[in-house]
Structure formats: C-alpha cells, structure tokens
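There's a structure below that I have some questions on.
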Amino acid sequence: MTGSSAPPFAVISGTQVQQALAGRERQVTELVEETYRLHGAGDSVNPPSYFLRFPDRPSARIIALPASIGGKVRVDGLKWISSFPENVAAGLPRASAVLILNDHDTGYPFACLESSIISATRTAASAALAADWLTRGRPRPARVGFFGTGLIARYIHTFLAGNGWSFDEIGVHDLSADSAAGFRGYLEKAGPGRITVYEDAEQLIRSSDLVVFATIAGEPHVSELSWFGHNPVVLHVSLRDLAPEILLASTNLVDDVEHCLKASTSPHLAEQLTGSRDFLAGTLDDVMAGRVAVPTGRPVVFSPFGLGVLDLAVGKYVYDEVTRSGELHVIDDFFHELRRHAPGPA
Ligand SMILES: NC(=O)c1ccc[n+]([C@@H]2O[C@H](COP(=O)([O-])OP(=O)(O)OC[C@H]3O[C@@H](n4cnc5c(N)ncnc54)[C@H](O)[C@@H]3O)[C@@H](O)[C@H]2O)c1
C-alpha cells in the first residue's frame, strides 16, 4: 500500500475458503512446514493465546491468537475462535472462527476470512507433517486409530490421505456412537482400509501404530502405559487426553514449548508433576532441522498447541488464491475517516 490511501477490505466466505483449499493438501502441508521453520528461526511474533471464559457457560471459550509472520507471507493478524461444545447436540459444529489479516506496512486490516476451515486445515496439515517426520526410521504405520471422531479427525484423515498415506486398518473410537458411525460413513466413502469401531479405548490403542487424539476431553482419561507397549506414534491434537505418566515414558515433541506448557495440557501437567521440562525432547522444527533424533524404542507423542502463525500463513494463501481467481468481495468504503482534519469522505 502506498501514500495515504487505505487498503481495500475484503470478506472471504467459508465457501470461498473451501474452494481455495480443496485438493491442496500437499501444498498446505508444505506451507505449514515452511511456517514452522520460520517460527523456529525467530521470524515470527506469536504471543500466548488469550482464553476468554464465562462463569455462566463453563464449557465454552473463545480464544484470541494474535500473530505476525515474516518470510514471503509477511502479514500480521488475529484468529478469534469459539469453542461451544454444546453446539454439537444442536447440530452445529463446536468451533466457529474468523481470521483478520493486517497489512504489514500500515497495520490496516485488509481481510476477514471464515476461519473454522482454515483452523481445521492448518491443524490437520500440522498433524500430517508430524506423522511424516516422526515415523521416519520406523516402518510406515499401516494401522491408524482415531480417538475422537469429530471435524478435526475428518480433516486429519483427509490430510493424511492427501499426503499419500494409506492404511490397511483404520480404528475408530468415540464416546458418542453417533459420531463414530458418522465418521465411519465418511471413511467408507473416502477410500480403502478395513474399518473397525472399537467400544473399548484400550483395543483401539493396542491396534494402532499411529494414534490420533481429537476428543474434547478437559483432563486425562488415558493412563495405562501398557496400552502403548508397541511404541506407537501419537498425534495428541486434543492435548489433554494422556496422563503425565504416559508422557514421561515417551519421546515428547511439541510445536512451541512456551505455548504448550500452559492451560493444563498433558505436557503442562507433566511439567507440574516433575518440576522440570526434561521430559520434552524438543519441537517438530528441531526434528525437521536434525537437532533432535526420534528413537524407535518408545512411544512418540506430538502435542501441538496450535500456533496463530499457521492460521496467518494458510489465511494469506487463501486470500492470494481468491484474489487470483478474481472473486475477492471487497467492502466498499469500509474505512471512512481517511483525512485527519477534514470530516466526511476522503
Ligand atoms: N492443537 C490444535 O492445534 C487444535 C486445533 C483445533 C482443534 N483442536 C482440538 O481438537 C479437538 C477436536 O475438535 P473437533 O472440532 O473435532 O471437536 P468435535 O466436538 O467435532 O469432536 C470431538 C469428538 O470427541 C468425542 N469425545 C469427547 N471426549 C471423548 C473421550 N473421552 N473419548 C472418546 N471420544 C471423546 C466426542 O464425542 C466428539 O465426537 C478439540 O479438543 C479441539 O480443541 C486442537
């Protein structure tokens, strides 16, 4: 942007976001990898997420994730994402979100994007990236297990498949039989692999070499270490499922140490229990850069807190795609008071 003209302000709908991202699993996963590397190199600002909670609605929260990213993306912004778990019973997804992108040079917001899809997409891309890096050096898992089968589980499966994964066995476990059945229906259409719905959490974990946790558990509900005796790779996306004892017997990777050791995540509980961070091997970026090796003789647990820089990178990708397609909906006159001392239109 040049001179004193304000940038145009665009609104990008969920339909447009989905069109921009559909079938782009590999590109988005590469973008998430580049973003983790930029963040690891310090070319980002990513302060702690702010959790807004309500005394009258204790299960609900809205999280603010402000961030700034350099590199080729070069944009600032904010994701503002609600989690209202009771929505699901009423037929609405749990999470809803917007993402605001701010111009790097002027600070002006230039776009508001529907962001539940962007958030699910970056989360799934990060999980697929971790599955790839953390299984190198061991046989590629042919048995995957989904523990919790909502929207995030579906996106993670789509991103694994889109990155070339295929499974002989797909295990499914959910407290809700309806969720498990709905996810099974999705899997049957999505591709090959023998699908088993496990009523029993133990059987799911014992039957899976790659385990995906995507529940909404607020505190650990899996504490039996022997279930992990086959040393699976665990994508602990919902962050609060595993008792600290499981983490202490595993190789632990996170996306960002300061972020992840907060908000009663399982790694946070493990830090409180031991009084140290020694149980952490490092970040996924450490693994990608070769600074940390992943041993095969114990379980591996990846706990990604979810970084605002990923939302920015994916959001800017969507913005650029929509702009390229000529379908950007600009709100005329969104910014109005543009001359400091003269009222009215510029
Ligand atoms: N780490 C990240 O970056 C990140 C990003 C986005 C979402 N998430 C997390 O992913 C999780 C899933 O999100 P979603 O949108 O798919 O939610 P969702 O409500 O659509 O699905 C969650 C499913 O988990 C099931 N469930 C809850 N507790 C369970 C338990 N103890 N055992 C088995 N199943 C259980 C529910 O029945 C439901 O089917 C949430 O916890 C969310 O916070 C993490």
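Within 10 Å of each residue's Cβ, count the other Cβ atoms and sort Phe305, Phe335 from fewest upward. Walk me through the numbers before you get to the answer.
Details: Phe305 21, Phe335 15.
If I rank by nearby Cβ atoms, fewest first, I get Phe335, Phe305.
Still on this structure, please answer the following. What length, rounded to one decimal in nm, is gained on full extension from Lys262 through to His230, with 0.36 nm per residue of separation minus their alpha-carbon distance?
On the way: separation 32, 0.36 × 32 = 11.52 nm, distance 2.91 nm.
Answer, rounded to one decimal: 8.6 nm.
Using a Gaussian network for the chain with springs between C-alpha atoms less than 10 Å apart, which of these wobbles most: Ala214, Ala263, Ala153?
Among Ala214, Ala263, Ala153, the largest mean-square fluctuation in the Gaussian network model of the chain belongs to Ala263.
Return the FRET efficiency for the residue pair Leu52, Arg340: r is the Cβ-Cβ distance, R0 is 30 Å, and the value is rounded to the nearest 0.05. Mind showing how you got there, number by number?
On the way: r = 34 Å, r/R0 = 1.12.
Efficiency computed from Cβ-Cβ geometry: 0.35.
Based on the alpha-carbon gyration tensor of the chain, what equivalent-ellipsoid semi-axes (square roots of 5 times the eigenvalues) come out, in whole Å, largest first? Intermediate values should be presented prior to the final figure.
Values: eigenvalues 261, 95, 77 Å².
Here the semi-axes work out to 36, 22, 20 Å.
Moving on to the next point. Pull up the cross-link candidates among the lysines for Lys72, meaning alpha carbon to alpha carbon under 19 Å and not fewer than 8 places away within one chain.
In chain and number order, the partners are Lys316.
Moving on to the next point. For the chain, what is the relative contact order in percent, using Cα pairs closer than 8 Å and at least 6 residues apart in sequence?
On the way: 682 pairs, mean separation 69.2, N = 346.
For the chain, the relative contact order is 20 percent.
Roughly speaking, what is the stretch gain from Asp320 to Ser223, that is 0.36 nm per residue apart minus the C-alpha to C-alpha distance, in nm to one decimal?
30.4 nm
DSSP loop trypsin sites (Lys or Arg not before Pro) in the range 22-104 with at most 12 other Cβ atoms within 10 Å of their Cβ, which ones?
Lys72
Take the chain, connect every pair of alpha-carbon atoms lying under 10 Å apart with a spring to form a Gaussian network, then pick out the residue of Gly326, Gly107, Gly218 with the largest mean-square fluctuation.
Gly326
The range 110-152: which trypsin sites (Lys or Arg not before Pro) are DSSP loop and have at most 16 other beta-carbon atoms within 10 angstrom? The partial results should precede the final answer.
Values: sites: Arg122, Arg136, Arg143; in loops: Arg136.
Counting only loop positions with at most 16 other Cβ atoms within 10 Å, the trypsin sites (Lys or Arg not before Pro) in the range 110-152 are Arg136.
A further question follows. Anyone know which of Pro55, Pro220, Pro93 comes out most mobile in the 10 Å Cα GNM of the chain?
Maximum fluctuation in the GNM of the chain, among the listed residues, is at Pro55.
Please go through the range 174-214 and write out the GluC sites (Glu not before Pro) that DSSP classes as loop and that have at most 12 other C-beta atoms within 10 Å. Kindly include the intermediate steps, with their values, before the conclusion.
Working: sites: Glu188, Glu199, Glu202; in loops: Glu199.
Qualifying residues, ordered by number: Glu199.
Per 0.36 nm of contour for each residue apart, how much would the distance between Val45 and Tyr186 grow if the chain were fully extended, relative to their Cα-Cα spacing? Walk me through the numbers before you get to the answer.
Working: separation 141, 0.36 × 141 = 50.76 nm, distance 3.76 nm.
That works out to 47.0 nm of additional length.
Going by average Cβ density within 10 Å per residue, which order do the peptides 290-298, 98-106, 313-321 take, highest to lowest? Don't jump to the answer; show the numbers that get you there.
On the way: 290-298: 12.1, 98-106: 18.2, 313-321: 23.1.
Averaged packing, sorted descending, gives the order 313-321, 98-106, 290-298.
Read the figures in this text as sums done on the coordinates, not as results from a lab. Only a predicted model underlies this, so the values are computations on that prediction, with no experimental measurement involved. Quick reminder, even Gly has a Cβ in these numbers, built from the backbone with ideal geometry, and neighbours come from all protein chains shown.
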